[in-house]
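> One structure, pasted below without further comment.
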Amino acid sequence: MYILSNTTNASNFVAGVDKSFVIIMGISFVFLIGLTFTMLYFVFKYNKHKNPVATQIKGSTKLEIIWTIIPTILVLVMFYYGWAGWAPMKKAPDDSFNIKVTARMWNFTFEYENGKRTDTLFVPMDKAVKLNLVSLDVIHSLYIPSFRVKEDVVPGREKMVWFIAQREGLYDLFCTEYCGLNHSYMINTVKVMPEQQFNSWYVDTTQQVAAITDSPAANGKRIMKNIGCFACHSIDGSKLIGPSFKGIYGHEATVITGGKERVVMVDDEYIKRSIYDPNADVVKGFNKGLMMPYEGQLSDEDIVQITEYLKTLK
Amino acid sequence: MQTATHPSNEVSYLDYKGKYKGIFGWIFSTDHKRIGLLYMYSMLVMFVVGVGLGLAMKLELIAPGKTIMDPGTYNAVFTVHGVIMIFMIVIPGLPAVFGNFFLPIMIGAKDVSFPKLNLLSWYFYVAGALLVISSVLFGNGTPDTGWTFYAPYSFKSGTNLLPAIFGAFVLGFSSILTGLNFIVTIHRMRAPGMTWFKMPLFPWSLYGTAWIQLLATPVVGITLVLVALERIFNIGVFDPALGGDPILYQHLFWIYSHPAVYVMILPAMGAISEIIPTFSQKHIFGYRAIIASTLAIAFVGYFVWGHHMFTSGMSGTAQYTFSILTFIVAIPSAIKVFNWISTMHKGSINPEAPFLWAVSFIFVFMIGGFSGLVLGALAANVHVHDTAFVVAHFHFIVFGGVGFAFFGAIHYWFPKMFGRMYDKVWAKVGWAFFTVGFLTLYSPMFYLGMMGMPRRYYDYLPEFHAANILSSLGSWVMTFGLLIVVINLFRSAKNGPIAEMNPWNSKTLEWTVPSPPPLENFDEIPVYGEKDGPYEY
């Protein structure tokens, strides 16, 4: 009993959720079709031409009792299956694999216990995974349709969602609580891998090695991709939520500081201030309050490398 | 032949010349019938705007990527569409138009208890509507938070939110005062001999509604004041950045806004409970059961708000308590459906336009109700909460329920309100297009939600394309039907054939007065005898 055949058993919750779905929809369809046809039958059978005089019937206590009790039993059955499919979602097993999920306008980033940080959610197959949900700005909602899991990500609250992925593959991950301008672009991917493959990915330090050996500019680009800068800032000059990065380094920009317009030079100091305190100087033509401060999430070292990358965008 | 004993009753309320002339004869009139029409025309204006915005959204979603507008505009469009449709159309909807017009006549009264307060309610309505519109036209950007104004986004958004919030607050007062007025009217002004259990079902439904309006609306008023204070003075009730709790906002919001769903649907059910016996020429089946279910819905409806928040962050106990209460509130709705269908059994059915609207109301209301059961179940809710499935569900209830009932009611009472009959063929043609379009527009959204498409989505992945095309096509068919219905009614109000006093052979009191009714409705207040009743055919 599944509602979407291509995601059968993609996670341990699919069976329970789909069962409640199918039972409720099944009972509902029987009643919907039965009642609709009864109604249409009456409309034709008792048309005024066929039945010119109505028979006055005021009611029936027996019928009222019957059609109160039967729906009561049925909805309690529905409640039970809804409860049964949902109850296991409330507590994650103690030995779950922990991943910290950070949501902000308008992307998710995933941080593993060994410090790895990605914008795709990599998870091992057949192992309980617990996502600890953190929001930096407004309410978001993490939703993986194929896994039948969804939980709002609320700023200031500790929330979690857990699952056991059971099928290898790529799945969509959506934000499903409206969170502003680019809500519909807040889409990430879940990649489910067999445990061994996951483990070798997890311990693979080539990314860290690359971080040491790569040029600072390449590093800067990777940092920016992982933390989601490009959701709002283009590198080709097109205007998104924030100003494009193309050709800004070393050029002047008109900004609004404390309500007053002024012209500043885009240099190392300005870039650092824009990342740590984005609302201090807001580039003219863009809105205040949309970007959150990244202090604590990016180190000074990260910002040096980001600046190196921005220099390459001529 | 009726003889008018009161000089003011010699002409109909439409022709009556009072102290004021022209438009002032309307906007200064305390006649409940004129106020009902004032509401209807002001709602029609807002409805045209709301439908236009809805069509624009469906056109945008006909293909992935940008079609006609950018994401900022789209977010503003669904926000304004929601605010207009919820606060200005479906919540006041049937009570303000048909409640004002027919409640006093149906219970044998000359007017409501407080006619001046009644006019004041309409002024509040207009003031609230103007405030909301001002937030669209002036200031830095149209509100883009959705009609739910969820914290903390509603504090972060740089848009012009305060007038919209203040507008919703003022609209709330319109609703509270109307509720108060109806409660007093029903308690104090029923005709002699009309005991509670001889009152028709539409006034009964207004009675249940009025209590919700009176008791629940202040909660949203307080909430909106807190949002405004937070935006102006940063007091820190809801915004976590200031130490507040955004989930508290959701609780307060839904404590009102869920009962508000019953403010919308109960009078709709009341109108259906009048139409079905009339066109079946038969006593309503289970009169007391329908009253009991109305009161049960009004009461239990206060305690189910948490089902909007299953994924927000509540304790497990709260979650399953709200789930089970949600299932329980479904039972009285089911009882009503069983009684309506049983009323048709062995009737003598005259399938005129109002009856067709009523039958299709039952059909779409059942779909809306059954999909509500899916959403009330904890496990299934996790999958489809905040997806297109929810959008489909509440459009079936709110637009399907209230909309179909409203059109049923206007076709039913039209000859009484305007003294003329509409073109019956065009009325049925309009109904057919509307119904087919409605089902084509909203049914695909159930499928989209089950596939996992989130709601309030400007853009979507290619796998959601086909169903969105179908839905957009449906929006055009439905609007075409709507145009036929509205044009037919407008033309007929002026030029239709003169209607009889009781064209449908109905038994409630409004059909015993001339069409259109005179200023004070009755020359002599009717008296209900032992054997009289609203459904004694």
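> Can you tell me the 0 to 90 degree angle between the C-alpha axis of helix B:71-83 and the longest principal axis of chain B, rounded to 10?
So the inclination is approximately 30 degrees.
> Continuing with this model, one more query. Within 10 Å of each Cβ in B:383-392, how many Cβ atoms from other chains are there, averaged over the peptide?
4
> At 1.4 Å probe size, with the rest of the protein present, what percent of the exposed accessible area of the protein assembly as shown is carbon and sulfur atoms?
Ligands and nucleic acids excluded, carbon and sulfur give 65 percent.
> Here's another thing I want to ask about it. Keeping every protein chain present and rolling a 1.4 Å probe, give me the accessible area per residue for the protein assembly as shown in Å².
Working: 32370 Å² over 851 residues.
For the protein assembly as shown, the per-residue accessible area is 38 Å².
> Something else: List the lysines whose alpha-carbon lies under 20 Å from that of B:Lys58, not counting same-chain residues fewer than 8 positions away?
B:Lys58 reaches B:Lys66.
> Something else about it: If a helix is a whole DSSP H run, which ones in chain A reach 24 Å or further along their own axis (Cα) and hold a mean Kyte-Doolittle hydropathy of at least -0.5?
Helix filter hits for chain A: A:14-45, A:61-86.
> Then there's this: Ranked highest first by average number of other Cβ atoms within 10 Å, how do A:141-151, B:297-307 line up?
Highest mean packing first, the order is A:141-151, B:297-307.
> Considering amide H positions built from the backbone, and no H for Pro or chain starts, which residues 5 or more places from A:Lys159, or on another chain, come under 5 Å of its amide H?
A:Leu133
> Taking just the alpha carbons, could you work out the radius of gyration and Dmax for segment B:37-156, both in angstroms?
When restricted to the Cα atoms of segment B:37-156, Rg and Dmax are 17.6, 58 Å.
> Going by Cα centres, segment A:235-249 and segment B:153-195 are how many Å apart?
Taking the Cα centre of segment B:153-195 as reference, the centre of segment A:235-249 is 48 Å away.
> Which angle from 0 to 90°, rounded to the nearest 10, does the C-alpha axis of helix B:201-233 make with the longest principal axis of chain B?
For helix B:201-233, the angle is close to 30 degrees.
> Let me ask another. Evaluate the charge dipole of the protein assembly as shown about its Cα centre and quote only its size in Debye, nearest 20, assuming +1 on the Cβ of each Lys and Arg and -1 on the Cβ of each Asp and Glu.
Dipole size: approximately 2340 debye.
> With viscosity set to 1.002 mPa s at 20 °C, what whole-number translational diffusion coefficient in µm²/s follows for segment B:24-512 from Stokes-Einstein and a Kirkwood radius over Cα pairs?
Translational diffusion coefficient: 93 µm²/s.
> Counting pairs of alpha carbon atoms under 8 Å apart in space and at least six apart in sequence, what relative contact order in percent does chain A give?
14 percent
> Which part of segment A:116-140 falls in the paramagnetic zone of A:Asn199, meaning amide N under 14 Å from the point 7 Å along Cα-to-beta-carbon?
A:124-127
> Let me ask another. At 0.36 nm per residue, minus the direct Cα-Cα distance, what do B:Arg231 and B:Phe490 gain on full extension? Give it in nm, one decimal, please.
88.8 nm
> In Å² (nearest 100), what accessible area is buried between A and B, both sides summed, heavy protein atoms only, 1.4 Å probe? Intermediate values should be presented prior to the final figure.
Values: alone 18460 and 20900 Å², together 32370 Å².
Roughly 7000 Å².
> Something else about it: Report the Cα centroid-to-centroid distance between segment A:140-195 and segment B:17-57 in angstrom, as an integer.
Segment A:140-195 and segment B:17-57 have Cα centres separated by 47 Å.
> Still on this model: Using only the alpha-carbon atoms, how far is helix B:115-137 inclined from the longest principal axis of chain B? Give it as 0 to 90 degrees, nearest 10.
Rounded to the nearest ten degrees, it is 30.
> Between segment A:68-96 and segment B:300-377, what is the C-alpha centre distance in whole Å?
For segment A:68-96 versus segment B:300-377, the Cα centre distance is 20 Å.
> Three principal axis extents, largest first, for the C-alpha atoms of the protein assembly as shown, in Å?
Sorted largest first, the three principal extents are 102, 59, 43 Å.
> Between A:Leu136 and B:Phe299, what is the spin-label point distance in nm, taking each point 7 Å from the Cα along the Cα→C-beta axis?
Rounded to a tenth, the inter-label distance reads 5.2 nm.
> Please give the average number of partner chain Cβ atoms lying within 10 Å of the Cβ of each residue in B:447-458, rounded to a whole number. If you can, show how the numbers build up before the last one.
Details: counts 0, 0, 1, 5, 5, 12, 5, 13, 4, 6, 6, 5.
What the average comes to for B:447-458 is 5.
> Mind listing the phi-derived Karplus ³J(HN,Hα) values for segment A:120-133, rounded to whole Hz, using 6.51, -1.76 and 1.60 with θ = phi - 60°, and x for any glycine or proline?
Taking θ as phi minus 60°, the curve returns 10, 8, 8, 9, x, 7, 6, 9, 5, 10, 10, 9, 8, 9 Hz for segment A:120-133.
> In whole Hz, what ³J(HN,Hα) sequence does segment A:234-240 give by Karplus (6.51, -1.76, 1.60; θ = phi - 60°), x for Gly and Pro?
8, 10, 10, x, 6, 8, 10
> Could you tell me which residue out of A:Leu40, A:Tyr80, A:Asn9 lies farthest along the dipole of the protein assembly as shown toward its positive end? Charges go on the beta carbon: Lys and Arg +1, Asp and Glu -1, centred on the Cα centre.
It is A:Leu40.
> Compute the projected area of the convex hull of the Cα atoms of segment A:157-292, averaged over all viewing directions, and report it in nm² to one decimal place.
Projected over every direction and averaged, the Cα hull of segment A:157-292 covers 11.5 nm².
> Another question, then. For segment B:253-293, list whatever residues lose no less than 10 Å² of accessible surface once every protein chain is in place, relative to that chain by itself, with the probe at 1.4 Å.
Buried by 10 Å² or more upon assembly, which counts only protein chains, are B:Gln281, B:Lys282, B:His283, B:Phe285, B:Gly286, B:Ala289.
> Could you name the lysines in cross-link range of A:Lys90, using Cα to Cα under 29 Å and dropping any fewer than eight places away on the same chain?
Cα-Cα hits under 29 Å: A:Lys19, A:Lys100, A:Lys116, A:Lys127, A:Lys130, A:Lys150, A:Lys159, A:Lys191.
> Expressed in whole Å with the largest first, what are the equivalent ellipsoid semi-axes of chain A derived from the C-alpha gyration tensor as the square root of 5 times each eigenvalue?
That gives 54, 27, 16 Å for the three semi-axes.
> At a 1.4 Å probe, which residues in segment A:129-152 are at least 40 Å² less accessible with all protein chains present than in their chain isolated?
Listed by number, the residues meeting the 40 Å² cut-off are A:Val138, A:Ile139, A:Tyr143, A:Lys150, A:Asp152.
> Taking every DSSP beta bridge with both residues inside the protein assembly as shown, roughly what % is antiparallel (nearest 5)?
Bridges in the protein assembly as shown are about 75 percent antiparallel.
> On to the next question. Considering amide H positions built from the backbone, and no H for Pro or chain starts, which residues 5 or more places from A:Asn98, or on another chain, come under 5 Å of its amide H?
Result for A:Asn98 returns A:Lys130.
> How far, in nm, would the chain grow between A:Gln56 and A:Ile33 when pulled straight, counting 0.36 nm per residue and subtracting the alpha carbon separation?
Residue separation times 0.36 nm, minus the Cα-Cα distance, leaves 5.6 nm.
> Ok, one more. Within chain A, what percent of beta bridges assigned by DSSP are antiparallel, to the nearest 5?
Around 75 percent antiparallel, to the nearest 5.
> For segment A:105-231, compute Rh as the Kirkwood radius over C-alpha pairs and then the Stokes-Einstein diffusion coefficient at 20 °C and 1.002 mPa s; write the answer in µm²/s, rounded to an integer.
Value of D from the Cα-based Kirkwood radius: 138 µm²/s.
> Can you run phi through the Karplus equation (6.51, -1.76, 1.60; θ = phi - 60°) for segment B:20-33 and list ³J(HN,Hα) in whole Hz, with x for Gly and Pro?
So the J values, rounded to whole Hz, are 10, 9, x, 5, 5, x, 9, 6, 10, 7, 9, 5, 4, 6.
The values are calculated or read from the model by the stated rules, or taken from the named source; none is laboratory data. These figures come from a predicted structure and were not determined experimentally. When we count neighbours, we look across all protein chains shown, and the Cβ atoms used for this are built from the backbone with ideal geometry, even at glycine. Surface accessibility is based on the protein's heavy atoms, side chains included, excluding ligands, DNA and RNA. Shrake-Rupley method; radii C 1.70, N 1.55, O 1.52, S 1.80 Å.
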